[in-house]
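Just below is one structure, and these are the notes that go with it.
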There are 2 protein chains.
Amino acid sequence: MNQQRPQKKTTIYDLAELAGTSASAVSAVLNGNWKKRRISSQLAEKITRIAEEQGYAVNMQASLLRREKSRIIGMIVPKYDNRYFGSIVETFEIMARARGLFPIITCTLRDPDLEIEAARTMLSYQVEWLISTGATDPDRITDICLAAGTRSLNLDLPGTKATSIISDNFAGARELTKRTLINVEQKSGAMAPLLFIGGRGSDHNTAERIRGFRMAHQDLGVPIEEHHILACGYAPEKAAQALSAMAASEGSVPRGMFVNSTISLEGVMRWIKSSPLFDAAPPIIGCFDWDPFVALLGHDIEMARQDVPGMLTAAFDIVEKGSGDTGKLIEIPPLFA
Amino acid sequence: MNQQRPQKKTTIYDLAELAGTSASAVSAVLNGNWKKRRISSQLAEKITRIAEEQGYAVNMQASLLRREKSRIIGMIVPKYDNRYFGSIVETFEIMARARGLFPIITCTLRDPDLEIEAARTMLSYQVEWLISTGATDPDRITDICLAAGTRSLNLDLPGTKATSIISDNFAGARELTKRTLINVEQKSGAMAPLLFIGGRGSDHNTAERIRGFRMAHQDLGVPIEEHHILACGYAPEKAAQALSAMAASEGSVPRGMFVNSTISLEGVMRWIKSSPLFDAAPPIIGCFDWDPFVALLGHDIEMARQDVPGMLTAAFDIVEKGSGDTGKLIEIPPLFA
DNA sequence: CACCGTTGCTCAATCGATGAAGCAAGAATT
DNA sequence: AATTCTTGCTTCATCGATTGAGCAACGGTG
């Protein structure tokens, strides 16, 4: 038996006929302003009952076409494959729903063309706000939104044309670097400069983290090794390659490392496991990002956990206030365990 | 300067006026069937150009209201906080888009009420299909869909009223158990029964995995210890508690373990790290689920990776074929590294 | 009894896009 | 020259929900 009949959907007109009343009354009852429209509670009850019996669900397309506001809020996100973005998406949905907004999310696989296409699609769905998370070209998206009269925000990576909410990368990296340097001193007896690995030098976050990295070295009076700053990309393979290239050319790799994301850390740890260089003494790592299994890796790994609820609270504050200033930068400090 | 003017959106009527033509022609040109409607390519070009200049985006609400099919496909998912669901969601989006469908996803936090509410909301948005992933009460959702004439599928956890696509939990668990038992024999010299930990005994997947677990023991002639089957829930804390209770009452814990998910594994590893029981010899683990960092934990951990692309390919096959039989069960074998 | 205010509803226009039906002008055919 | 065909549009009803305007019935007031 196949019950999958593509049966016609119940509309307010069907309900009106069943209830012996008008579609107008049905609409008023079902969207809750029947008091304002002076519908008797008798009729309201009857309509509500019939609607339930019929399994009625409003047609949002029709409803939204008529209303002036859609109450839809869109988010684009690069990937769902790590805890940071997963947590962003989950928190976004919860907070949006708590505010009576309908969240729609789409992932763009770090593909600039997909980002633009996704933004256009969101606009077609009449989103009231679009939040661009980790976008490669956030300003382009802001332009598209502006042209359509839609407001937008940047999250995680900043742009210049809309308010951006990001981690306080400089202060976070400075603190993480400091902690890692101190760990190195405690475990190996002497302070030594760290290796910076992962991320793209062209992206704002990586640049700021490198700045914090430098500053912490300066704070503690440790000289930086310029060729020990490897912004080789985020991908695990890139990080692994960079390390093995360094090991090949220099014969060693610093014991202390600042790893720019859990994504890169995956490659770093894989390489370390495969190399004999750390057989005697395990590496001492600071990772700018958080993952529960990393805490279990058994090594000395310090993590800076980006404050996702904090960032999204800031974002929804702006959404609720109505609008933000062009290009304002809001920095949220990451958390340390 | 604040450019966030909530300006009125451009419609096909605006474009028609600018082009000195009718809205009908504009519509035909912009949705691509202007050839069929015999619009000259001159006019088509002109309209296209003007639409681009104005940054026009169709109003999907209006468009969908008129069309008979929405081409929207919905998915509900419990959480975004592990690789399995992350990968499901990402693959779902990619595959949906490749088929010209618009995916909308919502997470329900394993809350039965939220599941129902989310399903209703999806129906309001006129989804053509609803995929319930890991739902606590998939049949309830199928009923709601059926009442609205919408088709539905179950993923990950099966139901009886719609086609279900799940991992081959029995065969997968049998193989994983076998591999883990052999690992135990190789590392500790003798075969010994495993501990089963994590999951809910009431859920189909856990029950099937326990069945496979038993069968593998039987295959290899290893007796099962009934009190070593702990379906204590998925949460990390639950797993950790169950282990420490066992250690307290029995003084030891089997060295070989079958852990029912990476979620539970988190608690298991945390407890192991905190306990002296495994200081001498590390545990030997089989985990029914996959995570890249788990592979780096440095222990002997075998993983059964659920075949997400395989499962979603099966799902979209059904979506494209139009409809599936009531309650059919499709089992996809998990992968071993 | 005429008038007014209130209650409880209905009517009809509207949102923007779509597409069947129709129409006018020119080209082709007889 | 009369007819038919083709091309290239426009007109208008429609999808389902919403809402301002309006109307009938009734109770109360002078």
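One table, with the values for the structure above:
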quantity	calculated
Residue in segment A:106-115 that is away from chain B (no Cβ under 12 Å) and touching a strand residue (DSSP E or B) at 6+ places or on another chain (Cβ under 8 Å) present	yes
Index of the failed condition, B:Ala242 passing every other in (1) within 13 Å of chain A (Cβ to nearest Cβ); (2) touching a strand residue (DSSP E or B) at 6+ places or on another chain (Cβ under 6 Å)	(1)
A:Arg110 being at pLDDT below 95, more than 12 Å from the chain's Cα centre (by Cα) and away from DNA strand D (no atom under 16 Å from the Cβ)	yes
Members of segment A:68-82 that are within 14 Å of A:Gly134 (Cβ to Cβ) and not acidic (Asp, Glu)	A:Met75, A:Ile76, A:Val77, A:Pro78, A:Lys79, A:Tyr80, A:Asn82
Inter-residue pairs, beta-carbon under 7 Å, first within 14 Å of chain A (Cβ to nearest Cβ) and closer than 19 Å to A:Ser124 by Cα and in segment B:22-43, second small (Gly, Ala, Ser) and within 8 Å of DNA strand D (Cβ to nearest atom), 6+ apart	none
Residue satisfying condition, being surrounded by fewer than 20 Cβ atoms within 10 Å (Cβ to Cβ), more than 16 Å from DNA strand C (Cβ to nearest atom) and of a type in the set (Gly, Ala, Ser), within set A:Gly100, A:Gly74	A:Gly100
Test: residue in segment B:47-56 that is more than 11 Å from chain A (Cβ to nearest Cβ) and under 30 Å from B:Arg140 (Cβ atoms)	no
B:Gly298 being touching a Pro at 6+ places or on another chain (Cβ under 9 Å), in contact (Cβ under 8 Å) with a residue 60 or more places away in the chain and on the phi > 0 side of the Ramachandran plot	no
Residue check, B:Glu68 open to solvent by 20 Å² or more (accessible area, probe 1.4 Å), away from chain A (no Cβ under 12 Å) and within 11 Å of DNA strand D (Cβ to nearest atom)	no
Candidates A:Ile182, A:Ile197, A:Ile144, A:Ile166 - the one that is aliphatic (A, V, I, L, M), touching a helix residue (DSSP H, G or I) at 6+ places or on another chain (Cβ under 6 Å) and away from chain B (no Cβ under 14 Å)	A:Ile197
Residue match in segment A:8-20 (condition: within 10 Å of DNA strand C (Cβ to nearest atom), out of contact with any Gly (no Cβ under 8 Å at 6 or more places or on another chain) and either within 22 Å of A:Leu123 (Cβ to Cβ) or part of a loop (DSSP other than H, G, I, E, B) (or both))	yes
Test: residue in segment A:206-214 that is among the small types (Gly, Ala, Ser), within 25 Å of the chain's Cα centre (by Cα) and surrounded by fewer than 21 Cβ atoms within 10 Å (Cβ to Cβ)	yes
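Residue-wise test of (1) modelled with pLDDT under 95; (2) open to solvent by 80 Å² or more (accessible area, probe 1.4 Å); (3) within 13 Å of B:Tyr56 (Cα to Cα); (4) out of contact with any strand residue (DSSP E or B) (no Cβ under 7 Å at 6 or more places or on another chain).
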position: B:Gln3; (1), (2), (3), (4): yes, no, no, yes
position: B:Thr11; (1), (2), (3), (4): no, no, yes, yes
position: B:Asp14; (1), (2), (3), (4): no, no, yes, yes
position: B:Lys35; (1), (2), (3), (4): yes, yes, no, yes
position: B:Ile39; (1), (2), (3), (4): no, no, no, yes
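The values are calculated or read from the model by the stated rules, or taken from the named source; none is laboratory data. It should be emphasised that the depicted structure is a prediction, and the values quoted were computed from it without experimental measurement. Ideal geometry is used to build each Cβ from the backbone, glycine not excepted, and the neighbour counts take in all protein chains shown. SASA here: full protein model, heavy atoms, side chains in, ligands and nucleic acids out. Shrake-Rupley method; radii C 1.70, N 1.55, O 1.52, S 1.80 Å.
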